[in-house]
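Q: The structure follows.
Laboratory data are not the source of any read-out in this text; all were calculated from the coordinates shown. All values reported here derive from a predicted model rather than from experimental measurement. Neighbour counts run over all protein chains shown; Cβ positions are idealised from the backbone, glycine included.
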Amino acid sequence: MARVVGRFAPTPSGYLHLGNLFCSLLAWLAARSQGGKIILRNEDLDIERSRPEYALQAQRDLETLGLLWDEGGDRAGPHGPYEQSRRFPFYQTQLEKLEAMGLVYPCFCSRAQLHAASAPHAGTGEPVYPGTCRNLSPEEVARRSQTRSPALRLQVPAETLSFVDGHYGLQSQFLPEACGDFILRRSDEVFAYQLAVVADDGDMGVTQVVRGNDLLSSTPRQLLLYLLLGYPAPQFFHTPLLLASDGRRLSKRDGDLSLQGLLARGLTPQDVVGRLGFLAGLLEEPVPCTPQDLLPCFSWEKVPRRDILLPPGLFPGAER
Ligand code: GLU
């Protein structure tokens, strides 16, 4: 069987928080327990929100915890560059493949128009694009392009896409109702996450994607892109999210506890790994350990499916 290739794909828009570390630990265990390798990709697509110091700190945090990788970051490899901000020419070639299939069209709608025109899809808060610009004539496109640069959208087929998530089981989505025609490149010419992540995982030979379940609903549209771009789809394992004690999701924007913050409060890296391993259901007690120590007890069966409320006191400083 081909070797498992997993990946860490942090977005450097803030310090990694406990939820990011939890997911990275599971990605590491899932790949290493199968003798797989791991690629580190810096997902700094959105240059305005990304900062190099966060990308560097993410590498340091992973290293501190013992979550080592094989390619990317400060490790050379055959699939570079490993920073999305340096891969725009590659994304352009992928976009052109889709354009050649006649599946891409320009969209001139503003954010405000989109929000007014469409009900958010239940649960995700993302508006479903109603197809407003799908059938503009070439003349109309030329006219509107004079005053506004368009986003580019992929025309999705009226089909249901299904896949079996390694942790959450069978998932199905009727694309026109779940997301509608989605953006491949924004009007400011930044490539969309959906296109970049598929093109990168495809190009880098990733066979196993482990990430938070907030991206479960993006997976069917990514599978469509794998199919269209001609890459074999990886196996997906989504993980439960960690929730603050008041039930909200952890987020980089809210400045949720970073590894540096935890170490400053007196925890050791092994304390953090042990407590994350405990939350993942791999340990009976939150005892200090290394990622290596968790390998023999790793199994997706033990990992909860429901999002995990951080127990009070487990990570000092987590409750604010
Ligand atoms: N870069 C994304 C994040 O930090 C993860 C994307 C993915 O795993 O597909 O949330």
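Q: In vacuum, with every alpha carbon of the chain counted as one equal point scatterer, what does the Debye formula give for log10 I(q)/I(0) at q = 0.09 Å⁻¹? Two decimals, please.
A: -0.49
Q: Count charges around Gly274 for me, please; just the other residues with Cβ under 10 Å from its Cβ, Lys/Arg as +1, Asp/Glu as -1.
A: -2
Q: If you don't mind, another one. For the chain, find the longest principal axis of its Cα atoms and tell me its angle to the long axis of helix 18-32, 0 to 90°, nearest 10.
A: Compared with the principal axis, the helix lies near 90 degrees.
Q: How would you order 21-28, 70-77 from highest to lowest mean count of nearby Cβ atoms within 10 Å?
A: The densest-packed peptide leads the list: 21-28, 70-77.
Q: Sorting check: for 223-231, 34-42, 5-13, which peptide has the highest mean count of neighbouring beta carbons within 10 Å, and how do the rest follow?
A: 5-13, 34-42, 223-231
Q: No partner Cβ under 4.7 angstrom, meaning no disulfide-compatible partner by this rule: which Cys of the chain qualify?
A: Cysteines of the chain left without a disulfide-compatible partner: Cys23, Cys109, Cys179, Cys289, Cys297.
Q: At 222 nm, what helix-only mean residue ellipticity would the chain give, in deg cm²/dmol to the nearest 500, using -39500 (n - 2.57) for each DSSP H run of four or more?
A: The helix-only estimate for the chain comes to -9500 deg cm²/dmol at 222 nm.
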